[in-house]
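Please read the structure below before turning to the comments.
The values are calculated or read from the model by the stated rules, or taken from the named source; none is laboratory data. Computed from a prediction, not measured in an experiment: that's the story for all the values here. Cβ coordinates were reconstructed from backbone atoms using ideal geometry, including for glycine residues, and neighbour counts include every protein chain displayed.
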Amino acid sequence: MDKNFYITTPIYYPSAKPHMGHAYSSIIADFFARFKKIDGYDVYFLTGTDEHGLKIQRAAEKKGIDTLLFCNKISKTFQELTKTLNLSNTDFIRTTEERHKSSVEYLWKILEKNEEIYLSKYSGWYSVSDEAFYSEDEIEEIDGIKQSISSKSSVEWIDEESYFFRLSKWEKPLLEYYKKNPQFISPTSRKNEVISFVKSGLKDLSVSRKSFSWGIKVPNNKDHIIYVWLDALTNYLSALNYPDTKDRNFKKFWPASIHLIGKDILRFHAVYWPAFLLAANIPLPDKVYGHGWILSGEEKMSKSKGNILDPIEIINKYGLDPLRYYLIKEVSFGNDGNISQERLEDCINSDLANNFGNLCQRITTFALNNCNGKIPTNFDFNVDDIKLLDRFKTNLNLIREKIDNQDVNFYIDFIISSLFEANKYFNDQEPWKKKNDPLRLNTIVFTTLEVVRKISFMLYPIIPESSLKALKIFDISEADIEFSSLENHEYLRKKDSINKINILFKKVEKNND
Ligand code: MSP
């Protein structure tokens, strides 16, 4: 079986600098990408910026800057964020790139050739902020202003000539597809939302605009700009050099394994995107996963609400890995989560500094003082040792399965309980009382070091930098990390010295007032 894994984040609007919600989608995607990489997969991890459409054109106009210059500037902050967040992305796509434009034009032509597109007139509501069309029953009026009920963003009336995609035709095939591929939309609650939306009846979709210029032109009618979502969704193909279906990356990585998105853009990914692909005879991605929102107060963060949390500020204060750990652990994956500095500080002090950092320090200091700084080579496991080591071996396939079901909570709970067991083991075994029994002392040291090694491997997708720092104890480098080696209880036999490492996590002084 080919072990290829293609994961994507949404491509972000460069209308303002990145916030915590963007960081969240990217960090979660990085977690899956890194896990698959250490599990022997060839991984393509794509992120990028979605630069066309009226939303961006207006944002640039407001600043009085040329639209492309504006995009260049803000897209750069998203590119820098990939470094700041230590993302392992393979590619960063911008929809203003030529490679993307040619893919979109090609897809349009295929849809036109397949008679999936026709020219007519659109009269209806449009939200520039969401770049979405809304029907009458999806909007409400508050204080004289019409807005979308779901996103609360204001809508404006549009009356113009437009190309339409025959979305209505795909209503039944989509419902059949969801039924045959129950994992296609996840989690289940989101799937149900989508199914009831599709069942309520799909209307043909307006896929071009005439009243502004910032976008990709319709190939045979330059008065029209291709709808920004049709343009943006195609990024998942254009990064793999579509339409060159003989391209190595396209052959290897399409269809995508998972499009990871926020629940706000589910309709575009789980209805429009598969319909476009079906209409163009292109295979569908395996899965669309709609995660929850990071809330600030009780609300979704957004520029218009002025409640933006800046990831850079948090990173400057606490460091990157604490933020990654916190977001992955504390926001129950799939649901909304509130970000709280207090909980973040608790995570640093208890999970990272006490449970993990402390264990690494204790065992290395003990081994340096009692085993001549070497990893013991003579040991003899008893049932207690085997029990601790075996929890990894026996759960290996279960962990893989949970990851394939995006059960991030299981993964992190497994690490936390393993840390608890490892600390308990070291305390209960009292190696400091075994100085007259070198075989037992060596065995306890070896077992604890093995468990630290295994846990550090598992922590790599979550907190890569700290995991690599911990693995310096054994001179293990990034390329050596293999998930399957968690089965091996004697991995460290091939290693030699133990290195002292610096404190991994500094505790945060907490204000108790
Ligand atoms: N450009 C479109 C996506 C096109 S994909 C072909 C877009 N961009 S966005 O910048 O507005 O937001 C993209 C994604 O950022 C959301 O889907 C979500 O994944 C993430 N988040 C934005 N705000 C968020 C929160 N407050 N919380 C969690 N994630 C959210 O939509």
Original post:
under 28 Å from F165 (Cβ atoms), without any contact (Cβ under 8 Å) to a residue 60 or more places away in the chain and not small (G, A, S): does that describe L68?
Top reply: yes
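Please tell me if S238 is surrounded by 21 or more Cβ atoms within 10 Å (Cβ to Cβ), in contact (Cβ under 8 Å) with a residue 40 or more places away in the chain and either in contact with a helix residue (DSSP H, G or I) (Cβ under 7 Å, 6 or more places away or on another chain) or farther than 23 Å from D130 by Cβ (or both).
Numbers: surrounded by 21 or more Cβ atoms within 10 Å (Cβ to Cβ): yes; in contact (Cβ under 8 Å) with a residue 40 or more places away in the chain: yes; either in contact with a helix residue (DSSP H, G or I) (Cβ under 7 Å, 6 or more places away or on another chain) or farther than 23 Å from D130 by Cβ (or both): yes.
The answer is yes for S238.
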**OP:** Find all pairs meeting these conditions: Cβ atoms under 8 angstrom apart; at least six residues apart or on different chains; first residue within the stretch 275-297 and of a type in the set (D, E); second residue within 15 Å of the ligand (Cβ to nearest atom).
**Re:** D286/A256; D286/I258
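Conditions tested, residue by residue: (1) in contact with a Lys or Arg (Cβ under 9 Å, 6 or more places away or on another chain); (2) assigned to a loop (DSSP other than H, G, I, E, B).
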position	(1), (2)
L439	no, no
F446	yes, no
H489	yes, yes
N499	yes, yes
F505	no, yes
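Would you mind finding the one in K433, K402, K507, K424 that is of a type in the set (K, R) and farther than 30 Å from E330 by Cα?
K433
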**OP:** Go through the residues of the stretch 225-243 one by one and say whether even a single one is within 26 Å of E156 (Cα to Cα) and of a type in the set (G, A, S).
**Re:** yes
**OP:** Determine which single condition D336 fails, assuming it passes every other condition in (1) within 10 Å of the ligand (Cβ to nearest atom); (2) closer than 27 Å to I117 by Cα; (3) in contact with a Leu (Cβ under 7 Å, 6 or more places away or on another chain).
**Re:** (2)
Original post:
Just one of the numbered conditions (1) of a type in the set (A, V, I, L, M, F, W, C); (2) surrounded by fewer than 17 Cβ atoms within 10 Å (Cβ to Cβ); (3) touching a strand residue (DSSP E or B) at 6+ places or on another chain (Cβ under 6 Å) is not true of I65; which one?
Top reply: (3)
**OP:** Return the total of residues in the stretch 13-48 being within 11 Å of the ligand (Cβ to nearest atom), modelled with pLDDT of 95 or more and aliphatic (A, V, I, L, M).
**Re:** 5
Subject >> Condition check for E401: free of Cβ contacts under 8 Å to residues at least 40 places away in the same chain, under 26 Å from L368 (Cβ atoms) and not hydrophobic (A, V, I, L, M, F, W, C) >> reply: no
**OP:** Kindly provide the set of residues from the stretch 214-235 that are surrounded by 14 or more Cβ atoms within 10 Å (Cβ to Cβ) and either part of a strand (DSSP E or B) or away from the ligand (no atom under 16 Å from the Cβ) (or both), ordered by number.
**Re:** K217, V218, P219, H224, I225, I226
Subject >> Lone unmet requirement of (1) surrounded by 15 or more Cβ atoms within 10 Å (Cβ to Cβ); (2) within 27 Å of Y318 (Cβ to Cβ) for K76 >> reply: (1)
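Answer yes or no as to whether P10 is in contact with a Ser or Thr (Cβ under 7 Å, 6 or more places away or on another chain), within 10 Å of the ligand (Cβ to nearest atom) and in a strand (DSSP E or B).
In short, yes.
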**OP:** State the number of residues belonging to the stretch 476-487 that are assigned to a helix (DSSP H, G or I) and either of a type in the set (A, V, I, L, M, F, W, C) or in contact (Cβ under 8 Å) with a residue 24 or more places away in the chain (or both).
**Re:** 6
Original post:
Of the residues F366, F356, which is within 24 Å of E465 (Cβ to Cβ), assigned to a helix (DSSP H, G or I) and either modelled with pLDDT of 95 or more or hydroxyl-bearing (S, T, Y) (or both)?
Top reply: F356
